[in-house]
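Reviewing the structure listed below.
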Amino acid sequence: MAAQGAEAQLLLSVGLIERDSNGDTLWVWGYPSVTGELRELLLRKCGLREENPPPRGLLYGRYKRTWFYLTSVRVSDQSPLDKVTHFCVVLTAKDFNPEKYAAFSRTLCRTYEKQGSPVPMLESYISVLTRGSCRSEDNGTFLCRDYEQRAAFLSGSIKDVVSQFGMEAVILYTAVMLKKRIAVYHPRLEAAQEFTRALPAFAWHRQDWSIVHPYVHLNPEELEALKSCPGSIGGFHDPEISNRPDLYDVFVNLAEGSITVSPNAKEALTMGKLHKDIGQLIVSLADDPEVSDAQVIKDISGKTREILSILTSFADDAPAGEKPTVNVERLRQKRLPPATENFLFHLAAAEQMLQT
């Protein structure tokens, strides 16, 4: 029962968007109700307003602490939805778990396409809220317990990130560790989603995927929400993002395979011997076909713990239960290489270990 109660606290709403034979796209149903602001955002995100909506898998993103998951379907000739050409099932939730919500969305989509009514969808939604499971149209069963949070965190591929950028991947490691803003561009939404979801694993000790905003439009409300998130990782499919250096410290052009550090972040992201050592470790792990993504993350996390131990060695004793704070003077007296000292100073700030 505890797991079922937790699920009820994570799910926020279910909704339905339709595109009719006249080309109009409308929000037609939802439970419970969502704000007009969120409805408009979801209508913008679902893709059904495009002239020829392409077939897509799950699209997902985050807006003001709410995760949204969108699954669109082209209606088949056998469906009772005779005036509808496409529909999109929308789920909003508090947790990051694309695989779980993709599976649940597919169940809801099959139900709606076959039944042509949102009532059976609502029944499935309530069943998940109360029991943590629901039956599907193909006689299968969707079970929330099959989708653990940790598995969602591990599903992104750090090996793919490193394979694409090699030693430059250490820039991404450093940016995530220092809570710098990263913008990722690719014209294909799914590519930006997959890349952004992998990056928080560079700072596995935090296990914080709330920084990921994998599907962002250059819309004032969305950009304002993004700016309010320290150390955000944003995914964009509009090439105009390359002309908005105010939105990032590090810009990743996935389509061209390039990483650019903005001028205002160059000082914090100065590379030295420590970074070279980290980069070589990351590359050697990622290049080994015998090493899994989970093992790569574990070994990078081990290196991170070593660095945090060094940082803690410069900290003053803290009262029980409180985080130690770094004594900056003691750090400077160590006379470390400038790039290492600079990195540790900024890391102390990111870890909220800096004396004020």
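Taken over segment 311-332, residues that are without any contact (Cβ under 8 Å) to a residue 12 or more places away in the chain, within 34 Å of the chain's Cα centre (by Cα) and within 20 Å of residue 346 (Cβ to Cβ) amount to 1.
Residue under question is residue 303, and the condition is that it be touching a residue at least 12 places away in the same chain (Cβ under 8 Å) and part of a helix (DSSP H, G or I); does it hold? So residue 303 fits the description; yes. Taking each residue of segment 40-59 that is over 21 Å from residue 97 (Cα atoms) and touching a residue at least 24 places away in the same chain (Cβ under 8 Å) and looking for partners that are part of a loop (DSSP other than H, G, I, E, B) and among the aromatic types (Phe, Trp, Tyr) with beta-carbon atoms closer than 9 Å, six or more apart or interchain, yields nothing. Those helices (runs of 4 or more DSSP H) of segment 93-173 in which 1 or more residues are exposed (fewer than 15 other Cβ atoms within 10 Å of the Cβ) and touching a residue at least 60 places away in the same chain (Cβ under 8 Å) occupy 118-131, 158-165.
Within segment 33-51, the set of residues being open to solvent by 60 Å² or more (accessible area, probe 1.4 Å) and touching a strand residue (DSSP E or B) at 6+ places or on another chain (Cβ under 7 Å) comprises 39, 49. Only one of the listed residues (274, 269, 285) is more than 18 Å from the chain's Cα centre (by Cα), surrounded by 13 or more Cβ atoms within 10 Å (Cβ to Cβ) and part of a loop (DSSP other than H, G, I, E, B). That residue is 269. For segment 220-232, the set of residues classified as open to solvent by less than 30 Å² (accessible area, probe 1.4 Å) and either part of a loop (DSSP other than H, G, I, E, B) or closer than 15 Å to residue 262 by Cβ (or both) consists of 229, 231, 232, listed by residue number. Remark: pairs (first residue in segment 189-203, of a type in the set (Val, Ile, Thr); second residue open to solvent by 10 Å² or more (accessible area, probe 1.4 Å) and at pLDDT 95 or above; Cβ separation under 8 Å; 6+ apart in sequence or on different chains) = 196/213. When each of 5, 23, 15, 57 is tested for being modelled with pLDDT under 95 and within 23 Å of residue 132 (Cβ to Cβ), the lone residue that passes is 5.
This table checks each residue for (1) in a helix (DSSP H, G or I); (2) surrounded by fewer than 21 Cβ atoms within 10 Å (Cβ to Cβ); (3) modelled with pLDDT of 95 or more.
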position	(1), (2), (3)
184	no, no, yes
187	no, yes, yes
192	yes, no, yes
199	yes, no, yes
205	no, yes, yes
209	no, no, yes
215	no, no, yes
218	no, yes, yes
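Annotation note: of 301, 258, 262, 292, the sole residue that is under 26 Å from residue 233 (Cβ atoms), open to solvent by 50 Å² or more (accessible area, probe 1.4 Å) and of a type in the set (S, T, N, Q) is 292.
Does segment 330-346 contain any residue that is polar (S, T, N, Q), at pLDDT 95 or above, open to solvent by 50 Å² or more (accessible area, probe 1.4 Å) and outside any loop (DSSP other than H, G, I, E, B)? Looking through segment 330-346, none of the residues is polar (S, T, N, Q), at pLDDT 95 or above, open to solvent by 50 Å² or more (accessible area, probe 1.4 Å) and outside any loop (DSSP other than H, G, I, E, B).
Among the residues of segment 310-351, how many are among the charged types (D, E, K, R), farther than 22 Å from residue 270 by Cβ and out of contact with any strand residue (DSSP E or B) (no Cβ under 9 Å at 6 or more places or on another chain)? So the count comes out to 2. Just one residue in the set 71, 66, 35 is at pLDDT below 95 and within 23 Å of residue 95 (Cβ to Cβ); that residue is 35. Based on what the data block shows, is residue 176 in contact with a Ser or Thr (Cβ under 8 Å, 6 or more places away or on another chain) and surrounded by 17 or more Cβ atoms within 10 Å (Cβ to Cβ)? Criteria not met by residue 176. Considering (1) open to solvent by less than 10 Å² (accessible area, probe 1.4 Å); (2) outside any helix (DSSP H, G or I); (3) of a type outside the set (Phe, Trp, Tyr), say which one residue 241 fails and leave the rest. Residue 241 satisfies every listed condition except (2). The C-beta contact set for segment 227-244 (first residue under 15 Å from residue 193 (Cβ atoms), second residue assigned to a helix (DSSP H, G or I) and of a type in the set (Ser, Thr, Tyr), distance under 8 angstrom, 6+ apart or interchain) comprises 233/196; 234/196; 235/196.
The values are calculated or read from the model by the stated rules, or taken from the named source; none is laboratory data. Predicted, not measured: the structure shown is a model, and the values here were computed from it. A quick note on method: Cβ atoms are made from the backbone with ideal geometry, for glycine too, and the neighbour counts reach across all protein chains shown. Note: areas computed on protein heavy atoms with side chains; ligands, DNA, RNA excluded. Shrake-Rupley method; radii C 1.70, N 1.55, O 1.52, S 1.80 Å.
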